[in-house]
Structure formats: C-alpha cells, structure tokens
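The values are calculated or read from the model by the stated rules, or taken from the named source; none is laboratory data. Treat the numbers as computed from the prediction; the structure is a model and nothing was measured. Ideal geometry is used to build each Cβ from the backbone, glycine not excepted, and the neighbour counts take in all protein chains shown.
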Amino acid sequence: MITSVLVANRGEIACRVFRTCRELGIRTVAVHSDADGGALHARVADASVRLPGAAPADTYLRAELIVKAALDAGADAVHPGYGFLSENADFARAVIDAGLVWIGPPPAAIEAMASKTRAKELMGLAPLGEVTEDDLPVLVKAAAGGGGRGMRVVRELGALEAELTAARSEALAAFGDGEVFVEPYVEGGRHVEVQVLADTHGTVWALGTRDCSLQRRHQKVIEEAPAPGLPPALTAELEELAVRAARAVDYVGAGTVEFLVADGRAHFLEMNTRLQVEHPVTEAVFGVDLVALQIEVAEGAALPADPPRARGHAIEARLYAEDPAHAWAPQTGTLHRLAVPDGIRLDTGYADGDTIGVHYDPLIAKAVAYAPTRAGAVRALAGALERADVHGPVTNRDLLVRSLRHPEFTAARMDTGFYDRHLDDLTAAVPDPYAPLAAALADAHGRSRFGGWRNLPSQPQTKRYLVDGDGRGDGTGTEHEVRYHHTREGGLAAEGVRVVHADAGLVVLDIGGVRRRFPVHRYGDRVYVGATALTALPRFPDPTARQEPGSLLAPMPGTVVRVADGLTEGSPVTAGQPLLWLEAMKMEHRVSAPADGTLTALYATPGRQVEMGTLLAVVQSTP
C-alpha cells in the first residue's frame, strides 16, 4: 500500500496530485528548484526537497536527484505529473530500480510510445524522409514530450533548416532530447483524443473523447469532453484504435491517444504515456478521479470490467500569463489576486501574491465548468472567466471569453486553424470606457472635502491611465484622461454620469438611467476595475524616458539564445528579417526587423539575460 508520494514535477499538476493524495490519506513530498523555493507546490506538500546544482529550467530533468529526494524523504512512490520526465523510460526504470512504486506505465510502454517516431512505426506509419516542395506544408515535431515545444509548421522549403534548428533547441531544453522529425501537416482538422486507463489484469478502459482543437503554437488552450458533433461510428472507431494502441504495448495506467480528424477520417498523431493537462474534463463527465485511479492501479488493483457512463459536458480553459495580441509573448510579475465564481473548478499552482517567473510554462490555472449540456458548460465558463479577478501580468483571459462566445465555437465548427483565422478580431482592444473614471473616483475617495473643492470655479481634477488592450503596461499604448469634481457636500461628480457611490473598493455610476457597479482593486500604479486593467500615469511624465525610433525592445524577460548569422552593426536588414532569438519559459521567440533599413546598434549577445523592455538593437529605416 502506498503511504507517501513524491511528485516529480511542479506547479499546477503537483498541487493537483497532492490534493488527491491528501483525500486518500497519503503523505506528499515536493521537489523544487531554487527558483521554486517559495512556490505553492513546495508550500502545500508535507515535505519538500531542494534539487541542487542545476539551472532552474533544467532542475526537474535531473532524474538521479529526484530519485534520491524520494528516498531521503521516505516516499514509497513517485508520480511524474506531465512534461519534464513524465515520458522518460530511463527515469521510470530508475524509480523502479530504487525500490519505489512508479505511478505510471511500464518503461517498455513509455519507450514504445513516448518517441513519436517509434509510435508511428508501431501504428504502421512513418515520418517523412527528404522533404520536397510537393510535401509542403509539413510539421516539424519533437520526438519526445509535447505541449507545443519543438513544433513548427513549415510552408516554404527555404525555411525548413532554420525551423529544424529552432525545434531541436526547444526540444532539448524542454525534454533533454533534441530529436525531431517531419510529417505532413493536415490543415483544417480537429484535434480529438481518447483517454485510456488500463490495469495489470488486462482491462483497458476508453473514457470517451476530448476535443482540443483551439490551440496556439500547437499547445492546447480550450478543451472539452465529449468531442462535440462526432458521428457515433467515428467515436467508436477512435475508442477502438485507442484501446488497440494501449494493448499493443501492454499499457498500464492513464494515457491519451491523440488523433487529427479531417474529412470524417481519423489520423493517428501520438500516444501520450502520462496524465494530460486536460484530464479534469474527463473526470467531470465520467465522475472519476483519474489520479486516484492511477494510484489504485499502481497498487495492483483491478478495474471493473466496464467503465462508468459519461454524463453531461465539461469545458476547460487554460489561463496563461501571456499577451495574445503580441505574438503570445509570455508575461511575468506578481499575481496579486486570482479568484473565480463558485461552481467552477480551478486547478492552479499559484496563490495570491506569488510571482510568475521566467523559467517555466506561463500556465497560471485551468478553469473547468460542467453542465448537463454543452451550451450550458460554455455559458458557465465564459461568464465565470469574465467575472473572475485576475490581477497581475497580462493574461489571455479576454481571449478565452471571446473564444468561448465565438459563433464557430458555440456551433462546434472549430478546427486547429481557429486562431489563424480569428486572432486579430479576438484580441481587438475593447476597453470599458468608464473604467478609467471609476479608477479615478475610487482613488479620489476619502480625500478631504477641502482638498478638492474650491469656493470659486476652477479646473476639474484630472488623471491619466493606460488601459490594457491599448498598451501592455510597458509605457506604450493609448492614453486615457478622465476628469471629475469634488462637490460642496464632499462627494464626487463627473460629466455625463451620476456618481451614486464611490469608495476605495467600489464605484457605482448611473449612466443614462442604468446603474453599473465597478469593483476596484489597486496595487501600486496598477488598477483593476472589474475585468479591465489600467496603469496610472504620473502627473508629470519623464521627458527623457523615450527610445529613439527603430529601437527593438525585449518583448519579455528571457535569454538571448542566438543572433542571426553574419549580423553586425551596419548590416542591411529587410522588414520581417529574423535578427535574434530569445528563450523564455522553454520557448524560443523571434525578434525581427520592423522595416527595411540598417542595423545601427546591436546590444544582444548569446547568453545575455534581459528584462522586458531591454534595448536589444536599433534599426534605422530606409527613407
């Protein structure tokens, strides 16, 4: 019987496994990098062990240190979570060889399926060899791991070599394995997967389908169960193929078989030999705890012959610290507050006041809604996210709400090209026009009546803000100026509205006979009015805080991994030409020339750590 589990992972998935362990009466052990010493998963575990001597991005890939941590802490089992070493057969063997229980599939099954190339060969498929123009477009893909790391779509043959290099670099950083392969890229398909669960007694469950078609950079954003609108015969075929794949490798535990569905046909993609990020939607629909079942199977328990029946519909949205309007650039900073309305499941690795750093995936949380119908689940999740308090770095929250309400999604007509078609519309700035006024009135509350009111007519009080959607809190964007007055009675007034109530946390305005409530939270110069985030601007701006035209600033904190070959000061450049690459959260981000011109300054060098807004280079455009 398992009594103590070490989770060889971090963040949201570690906290989620710990939750089930606590419910089962199992002690928990966390491991953490130096960067994660104060992270939530390290705080909530019964014990935590520091993994020494490695860069933060590589710490959770140190198999020997993790096994030693389990033994030192007295754990008798290891759960790998997802990502990092979760699909590493050598790690699974090391755990078993140390006398610990491995809460996962046999190493041989991992070996057969964790490499995408070997998995395709097992299913009678093969990756492309030499690529020609006739093969385009193609998909470059990491052989190990997933989550969009090491994945690139190539539409021009001349770009293939550079994308192969970038994919290898990302795969090596994320999984410790730089192997990549090339396969045909099927456009306009749906990403559909089947959850499987198998025991050591020959029983294999297929726990329905999930649709994960809404993706950015080949990483899932919104997932749901069951996959809507599939013909019953196709659903049965997908489940049969998934069970066949599991049986082919004598699979044990939880796993997922992924397909691309196009033109009514199923194309095998891969088998993920681990728990998926989106497993909560399956749990909601089937009424199971997959982590508890993983533990039971690892203890040798037999599954019932037939799985439970599915009921209702569940949808999960991944809340990321990223800016979809600016190439999905990851964001960092303090997460001041995260709260969703009751009735929504929230899986997160952060608590209020925690810092979102530069070393790991920018996932903040997963929000999950369940309802008897798909329409009910969509409505519940969109409404909850719209009303949620998400106070901190720029996030994709607005994108999620708009995606859930988009006609293609509500009608279940989405595919993997959804964001290619609709991203500009979904990220268009639509700030609440009354949010800056509400922020100013909340700030003005409590001042002395004589501090603002004057016996003689005078100019109104003014305040200036940048609103997210216009800018990113980095000093760019459209400026909003608001005006208000203090009244003789000690209240506040503004033109065009009636101020019903104003205090530091709530402003109520009567706007054309409609009364609206504006909850307000302030953290330094950042102000959150409902779902709108603003940055308060100083009364007297610094006139020296301006960059010369053509300045290229770091769009995020990260590390300069490489500079384009032969690029030096004085080099001619063309608009869109890649100049350098930054690595942040194990993804590479390209910085390109904004216009035709000459590179007049280059401050970026490989290995340099930069903060958001750091000057990297200057391009003087051609007149």
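Things to note:
- Of residues in the range 591-614 being in a strand (DSSP E or B) and either touching a residue at least 60 places away in the same chain (Cβ under 8 Å) or of a type in the set (G, A, S) (or both), the one surrounded by the most Cβ atoms within 10 Å (Cβ to Cβ): G597
- Residue tally, condition touching a residue at least 12 places away in the same chain (Cβ under 8 Å) and among the polar types (S, T, N, Q), over the range 155-170: 1
- Looking only at residues in the range 497-515 that are more than 14 Å from A439 (Cα to Cα) and touching a residue at least 40 places away in the same chain (Cβ under 8 Å), the one that is surrounded by the fewest Cβ atoms within 10 Å (Cβ to Cβ) is I511.
- For R608: the one exception among (1) under 30 Å from Q219 (Cβ atoms); (2) modelled with pLDDT under 90: (2)
- Test: residue in the range 311-322 that is over 18 Å from the mean Cα position of the chain (by Cα), outside the structural domain of K586 (by TED's automatic domain parsing) and in a strand (DSSP E or B): yes
- Pairs are defined by a Cβ separation below 7 Å, a sequence spacing of at least 6 or placement on different chains, a first member in the range 480-496 that is in the same structural domain as A439 (by TED's automatic domain parsing), and a second member that is of a type in the set (F, W, Y); the pairs so defined are H480/Y465; H486/W453; T487/W453; R488/W453; L492/Y484; A493/Y484; A494/Y484.
- Boolean, E583 is assigned to a strand (DSSP E or B) and on the phi < 0 side of the Ramachandran plot: yes
- Matching residues, the range 371-411, being of a type in the set (G, A, S), crowded, with 17+ Cβ neighbours inside 10 Å and part of a loop (DSSP other than H, G, I, E, B): A388, G392
- Residue within the range 296-307 that is out of contact with any strand residue (DSSP E or B) (no Cβ under 7 Å at 6 or more places or on another chain) and surrounded by 15 or more Cβ atoms within 10 Å (Cβ to Cβ) present: yes
- Test: residue in the range 58-70 that is surrounded by fewer than 18 Cβ atoms within 10 Å (Cβ to Cβ) and within 22 Å of the chain's Cα centre (by Cα): yes
- Scanning the range 231-286 for residues that are free of Cβ contacts under 8 Å to residues at least 40 places away in the same chain, surrounded by fewer than 19 Cβ atoms within 10 Å (Cβ to Cβ) and assigned to a helix (DSSP H, G or I) yields a count of 8.
- Residue pairs meeting the criteria (Cβ under 7 Å; at least 6 apart or on separate chains; first outside any strand (DSSP E or B), in the range 548-571; second surrounded by fewer than 19 Cβ atoms within 10 Å (Cβ to Cβ) and charged (D, E, K, R)): A554/E611; P557/E611
- Yes/no for A292 being at negative phi, within 30 Å of the chain's Cα centre (by Cα) and modelled with pLDDT of 95 or more: yes
Residues are listed down the side, and each one gets a yes or a no for (1) modelled with pLDDT of 85 or more; (2) among the polar types (S, T, N, Q); (3) touching a helix residue (DSSP H, G or I) at 6+ places or on another chain (Cβ under 7 Å):
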site	(1), (2), (3)
R155	yes, no, no
A162	yes, no, no
A173	no, no, no
V196	yes, no, yes
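- Annotation: of all residues in the range 171-201 being over 28 Å from A266 (Cβ atoms) and touching a residue at least 60 places away in the same chain (Cβ under 8 Å), the one that is surrounded by the fewest Cβ atoms within 10 Å (Cβ to Cβ) is H201.
- Considering the conditions (1) out of contact with any Leu (no Cβ under 9 Å at 6 or more places or on another chain); (2) buried (at least 17 other Cβ atoms within 10 Å of the Cβ); (3) under 23 Å from Q215 (Cβ atoms), H336 is excluded by exactly one of them, (3).
- Evaluated against (1) in contact with a Lys or Arg (Cβ under 7 Å, 6 or more places away or on another chain); (2) part of a loop (DSSP other than H, G, I, E, B), A575 falls short on exactly one condition, (1).
Matching residues to (1) in the same structural domain as D389 (by TED's automatic domain parsing); (2) closer than 25 Å to A327 by Cα; (3) of a type outside the set (A, V, I, L, M):
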{"residue": "L506", "(1), (2), (3)": "no, no, no"}
{"residue": "G513", "(1), (2), (3)": "no, no, yes"}
{"residue": "L579", "(1), (2), (3)": "no, yes, no"}
{"residue": "E588", "(1), (2), (3)": "no, yes, yes"}
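- Only one of the numbered conditions (1) under 30 Å from L338 (Cβ atoms); (2) out of contact with any His (no Cβ under 8 Å at 6 or more places or on another chain) is violated by E583, and that is (2).
- Among residues of the range 22-45, those that are surrounded by fewer than 24 Cβ atoms within 10 Å (Cβ to Cβ), free of Cβ contacts under 8 Å to residues at least 60 places away in the same chain and touching a Lys or Arg at 6+ places or on another chain (Cβ under 9 Å), counted: 5
- Just one of (1) farther than 17 Å from A298 by Cα; (2) crowded, with 19+ Cβ neighbours inside 10 Å; (3) touching a residue at least 24 places away in the same chain (Cβ under 8 Å) fails for P80. It is (1).
- Identity of the residue in the range 349-370, under 16 Å from the mean Cα position of the chain (by Cα) and assigned to a loop (DSSP other than H, G, I, E, B), that ends up surrounded by the fewest Cβ atoms within 10 Å (Cβ to Cβ): G357
- The set of residues from the range 422-466 being at pLDDT 60 or above, farther than 28 Å from R515 by Cβ and not in a loop (DSSP other than H, G, I, E, B) comprises H422, L423, D424, D425, L426.
- Of the residues contained in the range 568-582, none is found to be of a type in the set (V, I, T) and under 31 Å from the mean Cα position of the chain (by Cα).
- Flag for D90 being among the acidic types (D, E) and modelled with pLDDT of 95 or more: yes
Every residue, every condition in (1) closer than 25 Å to M585 by Cα; (2) at pLDDT 95 or above; (3) touching a His at 6+ places or on another chain (Cβ under 9 Å), yes or no:
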| residue | (1), (2), (3) |
| --- | --- |
| H359 | yes, no, no |
| P362 | yes, no, no |
| A371 | no, yes, yes |
| A377 | no, yes, yes |
| L385 | yes, yes, no |
| H391 | yes, yes, yes |
| V394 | yes, no, yes |
| L404 | no, yes, no |
| P407 | no, yes, no |
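- Test result for I96, in a helix (DSSP H, G or I), β-branched (V, I, T) and surrounded by 23 or more Cβ atoms within 10 Å (Cβ to Cβ): no
- Restricting S86, S4, S48 to residues that are in contact with a Pro (Cβ under 6 Å, 6 or more places away or on another chain) and hydroxyl-bearing (S, T, Y) narrows the list to S86.
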